[in-house]
Amino acid sequence: MKKHLLYSMVATAGLALAGCNGDYKDWEAPQSYAPEAASAAYGVTFAAGPQASFAMPVAESDLKIVTLTASASDVTGYTLKHLTVNGVEMGGSVSDNNIIVKANDLLNAAEKIYNSRAAVARTLEVTSEVALNLASGDALTGATGTTNVTITPYATPAIDAKGYYMLGDFVGNGWNLATPIWMESKGNGIYTATVNTPNEGSNWFKFYCGSFYSDSNWDIVNQGQMGCQVNGDDKLENFLVYTGDPEFGSVETPTISGQGTFEVTLDMNNLVYSVKRAEAQYFIVGNLTDPTWSADACKRIMFYAHGGNTYSYTTKWPGAWDLKFWSGKDIGNWDVAWGAGDGDGSPTGQLTNQSSGAFQSPTKNEYYTLTINMNSQTYEWTRLDNQEPTEYTAVSLIGDFNGWGGDIDLAQEGNAPHNWYGRATIPSDGGLKFRANHDWATSWGTSPDDEGKPVGDTYYLGIGEKNITVPAGTYDFYLNDITGRWSISRVE
């Protein structure tokens, strides 16, 4: 008799718990059904809740996005087991037969899924799994349903008609209001800039609206500042936080990690920005390439990258107004050709691309390495100790793409001895190497640290004897057989 009375009290307590809230926890092993069976057996349906479509800001932070019903009278409540939005797990709860989710949680999910903060209605797929709390005191697992929720993010600032600029730890700026780095408009709210960072560690920066530009007053400038949510964030892709941001609040300062050249893209439609390392390509033009200083000829004479925005080229130099050089995007534009003073044969010097003159090696017809540092915008000539480097009859490509046989020969540049160039199509992803004289006595590859790392759109890795991994595509191949430096550049 006492045993039956105790069971009845427990069952009644369980029923009360189930009826009062959505946090019912079955302390015994719950009954289990397949989702379809549970839904069918108890007539469970999942429908869009009364707040399944909303725009930010909202008056309430807790939104009823799914409404649950059951035709069976012995279903007294529900316990939320899992909730996913577009497949990503999210927190939630059940109250009064409604599944409740935080508005900001849905907003963050929508922004991440669409990689956008634009005030555009975004539809998300919500999958809910609930346990059914039964009048008997049992819990029944396995009822699942899918509904949609539509959210419109906060309105975003209008695109500034005066454009955008950057300030930060950049070569040529250093947070100097008088020398901003103005971004180039690409149309449709997209702006880009190429920046040089001086620090191997963190390089801090922010974006600014052109309408608030001042060359001396930070109070004015800071009215249009834009950055990130977490101070010191070095993500390569990130959401933009702006002055007066209703979602993220204060504007914090992002960073770029590492020294070098970076391409920064600002998307003002979606309020996102991205940072991409852009070790630039620099091409030599002058007596070394062609007596007429042809722009087309210079495309075969590319500086070899060292990393950190430093480059070099080694060969026998004529020593008579040898060269200027262009960045790859500026070939043919003499107004921005890099050089120094006319006839300058100094072993070191300053570079400029404003009304520049040609410069030359310190002595004529000798082997030098010319090193350029585009962070400090300086150059240095280093004479080789060995003025009779080993001669090779051929330098070629060999690899997985040709079954490690049937070499593709490169051509030695006649005016730049010991430098080889060729264009080839690699039909499939795989490894390759450069080698001399069609045998393995001398070959060039990448370093152990970089083995297996794909070249992709970049064009150099460490120097060594390991295979270079190159994705399928058409490339320009460059190699210097004295230094072992090579470049692989994807042809657009």
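The values are calculated or read from the model by the stated rules, or taken from the named source; none is laboratory data. This one's a predicted model, so the numbers in the text were calculated from it and none came from an experiment. Glycine gets a Cβ as well: all are built from the backbone with ideal geometry, and neighbour counts include every protein chain shown. Keep in mind that these areas ignore ligands, DNA and RNA; they rest on the heavy atoms of the full protein, side chains included. Shrake-Rupley method; radii C 1.70, N 1.55, O 1.52, S 1.80 Å.
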Item to check | region 414-433, residues that are within 30 Å of Gly319 (Cα to Cα) and touching a Ser or Thr at 6+ places or on another chain (Cβ under 8 Å) | outcome: Asn415, Ala416, Pro417, His418, Asn419, Arg423
Checklist entry - Of the residues that sit in region 308-320 and are of a type outside the set (Ser, Thr, Tyr) and touching a strand residue (DSSP E or B) at 6+ places or on another chain (Cβ under 7 Å), which one is modelled with the lowest pLDDT? => result Gly308
Next on the checklist: For region 224-233, check the following and say yes or no: at least one residue is in contact with a strand residue (DSSP E or B) (Cβ under 7 Å, 6 or more places away or on another chain), open to solvent by 50 Å² or more (accessible area, probe 1.4 Å) and among the β-branched types (Val, Ile, Thr).
Outcome noted: yes
Checklist entry - Which residues, taken from region 296-307, are modelled with pLDDT of 85 or more, more than 28 Å from the chain's Cα centre (by Cα) and open to solvent by less than 30 Å² (accessible area, probe 1.4 Å)? => result Cys298, Ile301
Next on the checklist: Which numbered condition in (1) at pLDDT below 95; (2) in a strand (DSSP E or B) is the only one that Thr382 fails?
Outcome noted: (1)
Checklist outcome for this item: Expected single match for hydrophobic (A, V, I, L, M, F, W, C), open to solvent by 40 Å² or more (accessible area, probe 1.4 Å) and closer than 29 Å to Phe325 by Cβ among Ala436, Ala411 is Ala411
Item to check | Whichever residue in region 273-282 is at pLDDT below 95 and open to solvent by less than 30 Å² (accessible area, probe 1.4 Å) and, among such residues, is nearest to Gln360 (Cα to Cα) | outcome: Tyr282
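Looking at region 459-481, which of its residues are of a type in the set (Gly, Ala, Ser) and part of a strand (DSSP E or B)?
Taking region 459-481 as the starting set, the residues that turn out to be of a type in the set (Gly, Ala, Ser) are 462, 464, 472-473.
Those that are of a type in the set (Gly, Ala, Ser) and part of a strand (DSSP E or B): Gly464, Gly473.
Go through the residues of region 70-81 one by one and say whether even a single one is under 24 Å from Glu247 (Cα atoms), at pLDDT 90 or above, under 42 Å from the mean Cα position of the chain (by Cα) and not in a helix (DSSP H, G or I). Let's see the steps before the verdict.
Residues of region 70-81 that are under 24 Å from Glu247 (Cα atoms), as a first pass: none.
No: region 70-81 contains no residue that is under 24 Å from Glu247 (Cα atoms), at pLDDT 90 or above, under 42 Å from the mean Cα position of the chain (by Cα) and not in a helix (DSSP H, G or I).
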Next on the checklist: I need the full set of residues from region 308-333 which are surrounded by fewer than 16 Cβ atoms within 10 Å (Cβ to Cβ) and in contact with a Phe, Trp or Tyr (Cβ under 9 Å, 6 or more places away or on another chain), in order please.
Outcome noted: Gly328, Gly332, Asn333
Next on the checklist: Residue pairs, Cβ under 8 Å, 6 or more apart or interchain, first in region 143-158 and open to solvent by less than 10 Å² (accessible area, probe 1.4 Å), second assigned to a strand (DSSP E or B) and of a type in the set (Lys, Arg). List them.
Outcome noted: Ile151/Arg122; Pro153/Arg122
Checklist entry - If you take the residues of region 77-121 that are charged (D, E, K, R) and surrounded by fewer than 20 Cβ atoms within 10 Å (Cβ to Cβ), which of them is farthest from Met268 (Cα to Cα)? => result Asp96
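Just to verify a result, which residue in region 393-406, among those that are part of a loop (DSSP other than H, G, I, E, B) and open to solvent by 40 Å² or more (accessible area, probe 1.4 Å), is farthest from Tyr478 (Cα to Cα)?
Only one residue fits best here, namely Gly403.
Condition test on Ala337, is it modelled with pLDDT under 95, under 30 Å from the mean Cα position of the chain (by Cα) and not acidic (Asp, Glu)?
Working: modelled with pLDDT under 95: yes; under 30 Å from the mean Cα position of the chain (by Cα): yes; not acidic (Asp, Glu): yes.
When the stated conditions are applied, Ala337 passes them.
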Checklist outcome for this item: Within region 355-365, residues in contact (Cβ under 8 Å) with a residue 12 or more places away in the chain and open to solvent by 30 Å² or more (accessible area, probe 1.4 Å) come out as Gln360, Pro362, Thr363, Lys364, Asn365
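For region 262-272: of the residues being part of a loop (DSSP other than H, G, I, E, B) and open to solvent by less than 30 Å² (accessible area, probe 1.4 Å), which is farthest from Leu236 (Cα to Cα)?
The selected residue is Met268.
Specify the residue that is surrounded by the fewest Cβ atoms within 10 Å (Cβ to Cβ); the eligible residues are those in region 39-76 that are of a type in the set (Gly, Ala, Ser) and touching a Gly at 6+ places or on another chain (Cβ under 6 Å). Full working, then the answer.
Step one: of region 39-76, the residues of a type in the set (Gly, Ala, Ser) are 39-41, 43, 47-49, 52-53, 55, 59, 61, 70-73.
Those left that are additionally touching a Gly at 6+ places or on another chain (Cβ under 6 Å): 70-72.
On the way: Ala70: 22, Ser71: 10, Ala72: 13.
Here the answer is Ser71.
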